[in-house]
Amino acid sequence: MSESASSSSSFSVKKLLTPVIIIGLSLAIFTLLINNKPEIITSVKEPVPVAVRALEIKPESLTLKVRSEGNVQPRVETNLVAQVAGEVLWVAPSLLSGGEFSDGDTLITLDPRDYEIALARARASLARAHAELDFAKEEQGRVRALYAQELTSIAQVQVAERAFLVARSVKDDADAAVSRAQVDLERTVLQAPFNGRVRRETVDAGQFLQKGGLIATLYDTQRLEVRLPLADAQLAYLDTEFANTGIASADPIPVTLTANFGGRQQSWTAQLKRSEGDISTASRFLYVIAEVSQSTNENGVRLPVGLFVNAMIQGRTVDNLVSIPRTALRSGNSVMVIDENNRLQFREVQIFRLSETHALISGGLNTGEKISISALQFVVEGMPVQVIQ
């Protein structure tokens, strides 16, 4: 019994010592690891430069351009009316809507017979008036001679002089009647007053026209103009004298008109002539007038009335401006200047003018500096960059 008890007691001791030994070994290993841990060396990683495109600043004198648009319209448009009454004998083939004619072309002929008769009668009256005047003049001379010889009275002299004055007045009236009859006869043939086209016509052969009756509406194809709207701010970019007075100076202000016509891009030259003087209360625009200097361009294409065109007006020249892409602008009217260490620095600039694609800078940049023109989404002050071509 004693040997069995001794064996059981030894097993219990071993069972208790085993966890203690394991814990002790674990503590010893942990202490050893803690005391011999590797030293971690930290280092600051340099940021990778961002590739950007750069623009070198070179201030220059720039001629400003002002854009607008409008419809081509005739400068001269008139109603052709009958100045005398009569039956229409003949109508020119060109006198129809869209017809083209030249200056001096006969457009319509009225029956001239009544006016030929009136002219003949007026000439007959003139001949009679001449005869009466000659007789009165001779009678005046005869009576004056008798009066000088004291063979007649002063009353007879006065009667003779009165008869002469009346005869002369009748002759003058007959002269005027002949002139009027000639003019009326000439007006039976209506001629084109300029080179142009017919917008609409209202007569046919055989129709009887009253004096003042409308025959057709004509417009001049050689004198065209475009009415262009401008915002108030755009006047600052035009010639100073024109902006102040609304009238072009002796030097013409060129305007280029462009439109897609006949399947091709066409252009015509014009000149800015005047403004309408008042600002539209509806649109708040000031309208200026560009006159077309040559209605047929170098391609032989005639500028049609009613065509919608884009206009580029040549403005004034301004010194020391820098043109940059609009995408180079950041918030707060600033740009990203690349310093000598190839790092970005924000710089506020003075914007003279903004367009859809470019910005004109009038101050804040120095000659020879470089700015980033790449569209970067995330930018911080001092960020390193690498300039690429």
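For this structure, a couple of remarks:
Each row is one residue, and each column tells you yes or no for (1) among the β-branched types (Val, Ile, Thr); (2) at pLDDT 90 or above; (3) more than 18 Å from Arg67 (Cα to Cα).
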position	(1), (2), (3)
Ile313	yes, yes, no
Asp319	no, yes, yes
Ser323	no, yes, no
Gly363	no, yes, yes
Phe378	no, no, yes
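- Among the residues making up the range 155-200, those that are β-branched (Val, Ile, Thr), surrounded by fewer than 15 Cβ atoms within 10 Å (Cβ to Cβ) and within 29 Å of Lys211 (Cα to Cα) are Val183, Val189.
- Any hit, the range 97-109, residues being within 14 Å of Asp220 (Cα to Cα), surrounded by 14 or more Cβ atoms within 10 Å (Cβ to Cβ) and of a type in the set (Phe, Trp, Tyr): yes
- Among (1) free of Cβ contacts under 8 Å to residues at least 12 places away in the same chain; (2) buried (at least 16 other Cβ atoms within 10 Å of the Cβ); (3) among the aliphatic types (A, V, I, L, M), the one test that Leu257 misses: (1)
- Leu228 meets all of the listed conditions (1) part of a loop (DSSP other than H, G, I, E, B); (2) touching an Asp or Glu at 6+ places or on another chain (Cβ under 9 Å) but one, namely (1).
- Residue ranges of strands (runs of 3 or more DSSP E) in the range 269-374 with at least 3 members crowded, with 18+ Cβ neighbours inside 10 Å and over 25 Å from the mean Cα position of the chain (by Cα): 334-338, 370-372
The values are calculated or read from the model by the stated rules, or taken from the named source; none is laboratory data. Here the structure is a predicted model, which means the values were calculated and not measured. Every residue, glycine among them, receives a Cβ derived from its backbone with ideal geometry; neighbour counts consider all protein chains shown.
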